[in-house]
Amino acid sequence: MYLTRHGNGYRFQRRIPAELVAILGKSPIRLNLGRVPSRTAAAASRLLVGHLDRLFLCVLKRGPEMQQHIDPRDAIIAELQARLADLIETSREAAERADELIELQQRTHAAELEEQKNRLRVEALQRENHIRVEINEVYASSIETRANVLAALTLKRSAQKQVSELVVAPSLDSLSQRLESLSVAVESVLEGGAPGPLMSEALEWWHHEIRLPLGLSGSKTDTDYNRLKDFMAFAGDKPVNRYRFADFQQFASLLAVVPANYVKYPAFKGMSQEEAADYNETLPPKEQLPCLAAGTIKDTYFSPIRMFFKDVGAQHGFRSPLFDVEIKIPKFVKGAIRRRPFKVEDLNK
């Protein structure tokens, strides 16, 4: 065994080959690695083994020629310590570069989110301008109609007055009805149609009338129900056809920094997801809980959300806000762990 725990840190140890016992003695070569992460210790151990093999070979070849006052063990340990210092410095520099990369990814994600918000604002302004053009056309038509009516009334004050009124009155009534219907249509378009039921009401209907009759396990249906309530707590209890793309994208961005299983820890008791994420970021790096994985966000959270809005949209006659929409998961979110099955030899052991 090359790597062992020693106190609060790790220690590298390797026995002396039999052919070098006469020169180096029987005591193993030991070297304290200090309090470093386990992955760093393992990597350093593998590199030290290879370097120590070369030093053993050198001592074996030059052993008879070495002077009596030179201690080979001291020389080997000094060489290993110098190599270990280089490895630790390299690891520290790599960690600093990783931190810089994460910070750059976070800034890039914030810029992408801001760009998306600006695009949505531009689309909303374009729709508003289109409606304004229609209103202006109707208004211009009404001005022209009024001018024609006044001209007719001026030329034909006497006998044709009653006839003009009979012709004009229906035109004005029709114009008024058109303006009123257009106003209602504009308001309906801007608001996304007539308000549907609140999400809290639709969720109860969907849970009891759609999900439970499917015969799924209770844990699956309860988990989907709770994930939808998490979204409703974040975006608000609104009519089901009043949610927009930004509500879902901002929820995904929040989930990317929410600590996994935080409800199991007393320090997070009673906190919302936003409060838990903020509190976790204030902790020292070694005490911070790992955040949700990308697969968890897509499968556990957004899969039931998509099913819910698809079913409720079909029931109440509106298009799901997630139809043909891709929710972007931040790039800094950790991916799923790829695991390989045991080999037959490992199972036999």
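Within region 291-301, count every residue that is crowded, with 20+ Cβ neighbours inside 10 Å and either in a helix (DSSP H, G or I) or of a type in the set (Lys, Arg) (or both).
Of the residues in that region, 2 qualify.
Condition check: closer than 23 Å to Glu19 by Cα, in a helix (DSSP H, G or I), open to solvent by 70 Å² or more (accessible area, probe 1.4 Å) and at pLDDT 80 or above. Does Leu47 satisfy that?
yes
Provide a single number: the residues in region 136-171 that are in contact with a Ser or Thr (Cβ under 9 Å, 6 or more places away or on another chain) and modelled with pLDDT under 70.
2
Filter region 226-242 for residues that are under 21 Å from Ile297 (Cβ atoms) and touching a residue at least 60 places away in the same chain (Cβ under 8 Å) and give the result.
Passing the criteria: Arg227, Leu228, Asp230, Phe231.
Tally up the residues in region 205-222 that are part of a helix (DSSP H, G or I) and out of contact with any helix residue (DSSP H, G or I) (no Cβ under 7 Å at 6 or more places or on another chain), please.
The total comes to 9.
Name the residues in region 247-280 that are of a type in the set (A, V, I, L, M, F, W, C), over 24 Å from Gln315 (Cβ atoms) and open to solvent by less than 70 Å² (accessible area, probe 1.4 Å), would you?
Ala252, Leu254, Leu255, Ala256, Val257, Val258, Ala260, Ala267, Phe268, Met271, Ala276, Ala277
List every residue pair whose Cβ atoms lie under 7 Å apart, where the two residues are 6 or more positions apart in sequence or sit on different chains, the first residue falls within region 311-323 and is of a type in the set (D, E, K, R), and the second residue, located anywhere, is surrounded by 14 or more Cβ atoms within 10 Å (Cβ to Cβ).
These pairs meet every condition: Asp311/Trp206; Asp311/Ile210; Arg319/Gly313.
Given the structure, is Leu190 open to solvent by 80 Å² or more (accessible area, probe 1.4 Å), assigned to a helix (DSSP H, G or I), modelled with pLDDT under 90 and hydrophobic (A, V, I, L, M, F, W, C)?
Yes.
The values are calculated or read from the model by the stated rules, or taken from the named source; none is laboratory data. Since this is a predicted model, take the numbers as computed values, not measurements. Cβ: placed from backbone, ideal geometry, glycine included. Neighbour counts: every protein chain shown. Calculation scope for accessible area: heavy atoms of the full protein, side chains included, ligands and nucleic acids excluded. Shrake-Rupley method; radii C 1.70, N 1.55, O 1.52, S 1.80 Å.
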